[in-house]
Amino acid sequence: MSFVKFMSGENIPLEMHKVRMVQKVNLLPVEQRLKAIEEAGYNTFLLKNRDVFLDQLTDSGVNAMSQEQYAAMMRADDSYAGSETFYRLEAVLQDIFGMKYFLPAHQGRACEHLISKILVKPGLTTIMNYHFTTTKAHITILGGIVEEIVIDEGLKIESDLPFKGDLNIDRLNELIKKLGKEKIAFVRIEAGTNLIGGQPVSMNNMRMVSDICRNAGIPLVYDASLLGDNLYFIKKRDEKYKNADIKSICREIASMMDIVYFSARKLGSARGGGILVNNEELYLKFRDLIPLYEGFLTYGGMSVREMEALAVGLEETMDMDVVSQTPIIVEALCNELIKNGVPVVTPPGGLGCHVDATQICAHLPQTQYRAGALTAAIYIASGVRNMERGTMSEQRNEDGSERFAEMELARLAVPRRVFTLSQVKYTADRISWLYQNRNLIGGLEFTEEPKVLRFFFGRLKPIGNWPEELAKKFREDFGDSL
Ligand code: F0G
C-alpha cells in the first residue's frame, strides 16, 4: 500500500490488492445498537458480531489472507508428529530470523506463559518498554514484578518523535545497578508497543539495550507480534534503513535477541504463535514444556492448515506493500480525525488509531472509566466495535484499589486488507460527530468484575441515562440515516 498523489494534491492511500471474496456486514439503526451494547454490559468484547458494522476491536486473527495462503492450506500434511508442514514453517522462520530453533505454540500468550515459566521466579523483576495485558498477567501470576521503562515521550499523546516505543537507557542501567542481574528475570522489548498506541522501537535503541543485556548477562526477549508495523516504520523513519531489504532488518533485530516470540494472529496474517532461540540449553527447556501445554513439537496447538498459511504469510510479510497496510490506513484515519479536532495518539502508529479519552472525557472522573465510556459511545454512534485500552484493561492493586492507566485510549484497530477507504471515512465521521457531542458521554461502573483480565468478561452499567440521550441526539442529527 502507498500514499499516491491525486490531481487535487491530496495524498490518498492506494491498495495494492483486489478483493475477491467478501463478507456481508450489518449496520443496525442506533436504537438497536443501544440495545446491543446494553446487553453486552457496555463491554465491546461481549458484543455479538452480528450486531457490529466494522469490527475494529483488534487486528488479531482477523487479517485478510492472500490467495497464496489459502492455496497453501490445501497441501497441509496432517500428522501428529513430523509433519512436512512443520518443516516448511520452520525453514521459513529460520530464514527470516536467522535463528536456529523454532518451537510452535497455539498463540502469543502461550509463548508468554512458557517464557515466564522458565525465566520468572517470585520476586524477580522483568524490565520492558511497556507491558501487554497477557504478558503482565503471566509474569505477575508467578510472583514476578514488571518494571516499565518506555521513554517519557512514549506516554505523551501528541508528539513528533518517530520511535516512541524506545526504552529509557538510563533507567535500564539504573535498574540493573540497583537490582543486580540475579534479581532480573529478563528484559523484554515489545515491537510496535501495543498499549501506548502501536508505537515502534528504533534499531539504535534495540542495539543499545542488547549490548547492555549481553554485558550484564541478562536474557533479552523480543515480542515480535507487531513486528510487521515496526518494520515499516524502521524503513520509513530511519534514514539508515531506507533502502535496506526487510528480511535483512529482521535478521539484524533477531541477532540482538536471545528469545524471539510472536503471535501469528498478527504477524503473518494467520493464527498461531511461536518461539525462536539460538541457545540449545534454552531450546531443550522449552522443548519439555511444549507437549505438556501446547501439543506435540511439530504443531504446538496450531492446525496444520494455519501453519501452511502462516509460512506463506510470513514470506509475504517481507514486502513493503504488505507491512504498510495497517500503518497507512491508521495514518489516514488519524488524519481525518485530527482535521476535525479529535485528539489522537501521534505520530500515528501501527495496529490502530488511538483516540484520547482523557481529553474527550475530561468531564468524567478517571474512576468512571473514561476510555471504557468512550469505547461504548463510539459503538452507539457508529456500530464500529473498538477496544478499551485504559484503566479497565489494568488489574487492581493488591489492596483492591484502582490502578489508573497512564493513557486512557479507545483503540480502533486496523486489520490488514479488510476495510475500504469509505469505511475508514465513515468511522472518522461518526467519531468526529461524537467528539462534538462529547459532553453527552457519561461514566460507567462495574456490575460484574473478574479478578484477572477483567476487560474481557467484565460487565458494566452507565451512571445515569446518558446512552439513551446520546442515541436520541444521534437520531435528531442524522434523521433517517443509519
Ligand atoms: N504481544 C502483543 C504485543 C500483542 O499485541 C498480543 C495480542 C500478544 C502478545 C498476545 O498474543 O493474542 O496471540 O495470545 N494482542 C491482541 C490485541 C490480542 O488485540 O492487541 P495472542
**Request:** Give the order of Arg459, Arg389, Arg88, Arg396 when sorted by the count of other beta carbons within 10 angstrom, beginning with the fewest.
**Result:** Arg396, Arg459, Arg88, Arg389
**Prompt:** What fraction, in whole percent, of alpha-carbon pairs in region 302-442 exceed 28 Å separation?
**Reply:** 28
**Prompt:** Equivalent-ellipsoid semi-axes (√(5λ), Cα gyration tensor) for region 258-380, whole Å, largest first?
**Reply:** 38, 20, 13
**Item:** Candidate lysines - alpha carbon under 21 Å from Lys48, same-chain residues fewer than 8 apart omitted
**Value:** Lys24, Lys35, Lys461
**Nearby aspartates and glutamates by direct alpha-carbon distance to Lys121 (threshold 17 angstrom, same-chain neighbours under 8 apart not counted)** = Glu112, Glu147, Glu182
**Asked** Sorted from fewest to most neighbouring beta carbons within 10 Å, what does the list Lys266, Lys48 look like?
**Response** Lys48, Lys266
**Prompt:** Taking a ≥ b ≥ c as the square roots of the eigenvalues of the Cα gyration tensor of region 284-343, is the shape rounded (a/c under 1.5), prolate (a/b larger than b/c) or oblate?
**Reply:** prolate
**Prompt:** Rounded, prolate or oblate: which one fits region 1-105, using the alpha carbon gyration tensor with axes a ≥ b ≥ c (rounded when a/c is under 1.5, else prolate when a/b beats b/c, else oblate)?
**Reply:** oblate
**Message:** I need the peptides 169-182, 147-160, 402-415, 200-213 ranked by packing, meaning the mean over residues of other C-beta atoms within 10 angstrom, with the highest value on top.
**Reply:** 402-415, 200-213, 147-160, 169-182
**Fill in**
The distance between the Cα centres of region 135-174 and region 39-109, in whole Å, is 27
**Request:** For region 433-465 and region 279-333, write down the distance between their C-alpha centroids in whole Å.
**Result:** 34
**Request:** Please arrange Arg109, Arg265 by counting, for each residue, the other beta carbons lying within 10 Å of its beta carbon, fewest first.
**Result:** Arg109, Arg265
**Message:** Need one number: convex hull volume per residue for region 258-297, Cα atoms only, in Å³.
**Reply:** 70
**Prompt:** Which percentage, to the nearest 5, of the DSSP beta bridges contained in region 111-219 is antiparallel?
**Reply:** 20
**Listed residues Leu161, Met74, Leu172: farthest to the positive end of the dipole of region 68-214 (Cβ charges)** = Leu172
**Item:** D_trans [Stokes-Einstein, Kirkwood Rh over alpha-carbon pairs] for region 144-247, 20 °C, 1.002 mPa s, µm² s⁻¹
**Value:** 149
**Prompt:** Across bins of 10 angstrom width beginning at 0, how are the C-alpha pair distances of the chain distributed, in whole percent?
**Reply:** 4, 20, 30, 27, 15, 4, 0
**Request:** Give the long-range amide H neighbours of Phe262: residues separated by 5 or more places, or on another chain, with amide H under 5 Å away, using H modelled in the peptide plane at 1.01 Å from N.
**Result:** Ala224, Gly274
**Globularity index of region 44-102, i.e. its alpha-carbon radius of gyration over 2.2 N^0.38 Å** = 1.63
**Item:** Distance cut-off 21 Å, percentage of C-alpha pairs in region 239-309 lying past it
**Value:** 39
**Item:** region 212-274 and region 358-405: distance between their alpha carbon centers, rounded to Å
**Value:** 31
**Message:** Please enumerate, by chain and number, the aspartates and glutamates with C-alpha under 20 Å from the C-alpha of Lys472, excluding those fewer than 8 residues away in the same chain.
**Reply:** Glu31, Glu38, Glu39, Asp51, Asp429, Asp480
**Two-decimal log10 I(q)/I(0) for region 96-168, as the Debye equation yields it once each C-alpha is a single scatterer, q = 0.11, 0.19, 0.21, 0.23 Å⁻¹** = -0.38, -0.89, -0.96, -1.01
**Kirkwood Rh in Å, taken over all unlike Cα pairs in region 1-55** = 14.3
**Item:** Range of Cα positions in region 194-248 per principal axis (Å), largest first
**Value:** 32, 27, 17
**Request:** Starting from one equal scatterer on each C-alpha and no solvent at all, send me the Debye-based log10 I(q)/I(0) for region 80-215 at q = 0.09, 0.13, 0.14, 0.18 Å⁻¹, two decimals.
**Result:** -0.32, -0.65, -0.74, -1.11
**Request:** Over the Cα atoms of region 157-217, compute the convex hull volume and normalise it per residue, giving Å³.
**Result:** 93
**Request:** Starting from the Cα gyration tensor of region 363-482, take the square roots of the eigenvalues, sort them a ≥ b ≥ c, and report rounded, prolate or oblate (rounded when a/c is under 1.5, otherwise prolate if a/b is larger than b/c, else oblate).
**Result:** oblate
**Item:** For peptides 91-100, 469-478, 322-331, sequence by mean Cβ density within 10 Å, most packed first
**Value:** 322-331, 91-100, 469-478
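Read-outs throughout are calculated quantities, based only on the coordinates presented, and are distinct from any laboratory measurement. These numbers come from a predicted model, not from an experiment. Note that each Cβ is placed from the backbone with ideal geometry, even for glycine, and that neighbours are counted across all protein chains shown.
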